[in-house]
Protein chains: 2
Amino acid sequence: MTDQQKIPQATAKRLPLYYRFLHNLHLQGKNRVSSKQLSEAIKVDSATIRRDFSYFGALGKKGYGYNVEYLLGFFRKTLDHDENTPVTLVGVGNLGTAFLNYNFTKNNNTKIEMAFDADKEKVGEVIGDIPVYHVDELEDRMGSISVAILTVPVSEAQKMTDRLVACGVTGILNFTPARISVPSDVRVHHIDLAIELQSLVYFMKHYPMDQDEE
Amino acid sequence: MTDQQKIPQATAKRLPLYYRFLHNLHLQGKNRVSSKQLSEAIKVDSATIRRDFSYFGALGKKGYGYNVEYLLGFFRKTLDHDENTPVTLVGVGNLGTAFLNYNFTKNNNTKIEMAFDADKEKVGEVIGDIPVYHVDELEDRMGSISVAILTVPVSEAQKMTDRLVACGVTGILNFTPARISVPSDVRVHHIDLAIELQSLVYFMKHYPMDQDEE
């Protein structure tokens, strides 16, 4: 674990992306890949890829590239790909429904196990194989699930966060515009659609020729 | 423009977040704000805020904090807040509908003007005040719109990207899992729901006590 702690966060964010592409190459029977091929496929510049891979102890050989199997083994171990992380989703509106219909288990180690909503019309439905329960049942049903996707209206965001944290949730993917408050041992990743759009426009104007590295 | 070019990209990504919070403070009649207050409200650590603000030439005074009006003026100018950027959305599924219902114009300088879908059932609808047209009409209707949100099925992503680029689009917010190819003068920001979820789980395991800075 000590080695992995040294991976910079910007690099760590690209791990799932690398994993997915290499997994597909492996399925196609490919044994090696160059940083240039990787770069073209996943839209990250090849200098960044080579720097990232050097953190994993993967040194490409000139004229050969990287060994797909070695890299895949490393990523599988690092991303704990043999361990499936159960996830809950709270708020089955349009955004929540999009998540439920998204095929997460393909090439992935997370699985939405259940969803909650306050709307009685939605309770009892099964969307993308995932059952929707009434939010009143949250505390009874959560069990040991530690990851939640928050797609509730902004007015419900903090209240629902508090309930999730009380259930033992330690990671929240927050898609509401609310900046929610959590104890320091709970990790929140925040994705705000309006801010993503505004950020794109800003970057278009001010960094017109840069390549996006995400 | 030269000064703005020097703002690091990580700082630039936080600009819309700062702007929104300061705009709300201003509406409440507040004249000053400390980095600690800002930090608590937007969940970015105060050292990062102070470093970011120093790029804007905003130096907080001890015991006073930052001048809200000065900062707001700076952000409005930097983010071109007096100029409204029209946006198009392609793909009115659950995710696309969530975008259309999202109130972007509040505190924002982007506006979705029109949406496109291939499904005749959706064509003619108006969602969140935005008309949905048939995708066959894309080339006729785009006009000078240069920003697009891509929420089509993955199988349509590259084809639709090529059409958007041919219409003059230079910025795409890509919500499909596809890594789309574009000419070098087109900026793509990519948000992949599966990767965001996997990234959260990875960070929970490997960086348990860090504060998220996004």
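The values are calculated or read from the model by the stated rules, or taken from the named source; none is laboratory data. Only a predicted model underlies this, so the values are computations on that prediction, with no experimental measurement involved. Positions of Cβ are backbone-derived with ideal geometry, glycine not excepted, and every protein chain shown enters the neighbour counts.
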**Message:** Condition check: under 16 Å from the mean Cα position of the chain (by Cα) and touching a residue at least 24 places away in the same chain (Cβ under 8 Å). Does residue A:109 satisfy that?
**Reply:** yes
**Complete:** Checked the stretch A:83-111 for anything modelled with pLDDT of 90 or more, in a loop (DSSP other than H, G, I, E, B) and surrounded by fewer than 22 Cβ atoms within 10 Å (Cβ to Cβ); matches are A:93
**Request:** Return the only residue of A:160, A:114 being in contact (Cβ under 8 Å) with a residue 24 or more places away in the chain, touching a helix residue (DSSP H, G or I) at 6+ places or on another chain (Cβ under 9 Å), outside the structural domain of residue A:24 (by TED's automatic domain parsing) and part of a strand (DSSP E or B).
**Result:** A:114
**Request:** Check the stretch A:158-172 and report whether any residue there is within 14 Å of another protein chain (Cβ to nearest Cβ) and under 15 Å from residue B:95 (Cα atoms).
**Result:** no
**Item:** Subset tally (residues that are among the hydroxyl-bearing types (Ser, Thr, Tyr) and assigned to a loop (DSSP other than H, G, I, E, B)) for the stretch A:146-157
**Value:** 2
**Request:** Considering only the stretch B:8-55, state which residues are surrounded by 16 or more Cβ atoms within 10 Å (Cβ to Cβ), among the aliphatic types (A, V, I, L, M) and closer than 18 Å to residue A:196 by Cβ.
**Result:** B:12, B:15, B:17, B:42, B:44
**Item:** Count of the stretch A:56-69 residues which are surrounded by fewer than 15 Cβ atoms within 10 Å (Cβ to Cβ) and of a type outside the set (A, V, I, L, M, F, W, C)
**Value:** 6
**Prompt:** Can you tell me which residues in the stretch A:163-194 are within 30 Å of residue B:86 (Cβ to Cβ) and without any contact (Cβ under 8 Å) to a residue 12 or more places away in the chain?
**Reply:** A:179
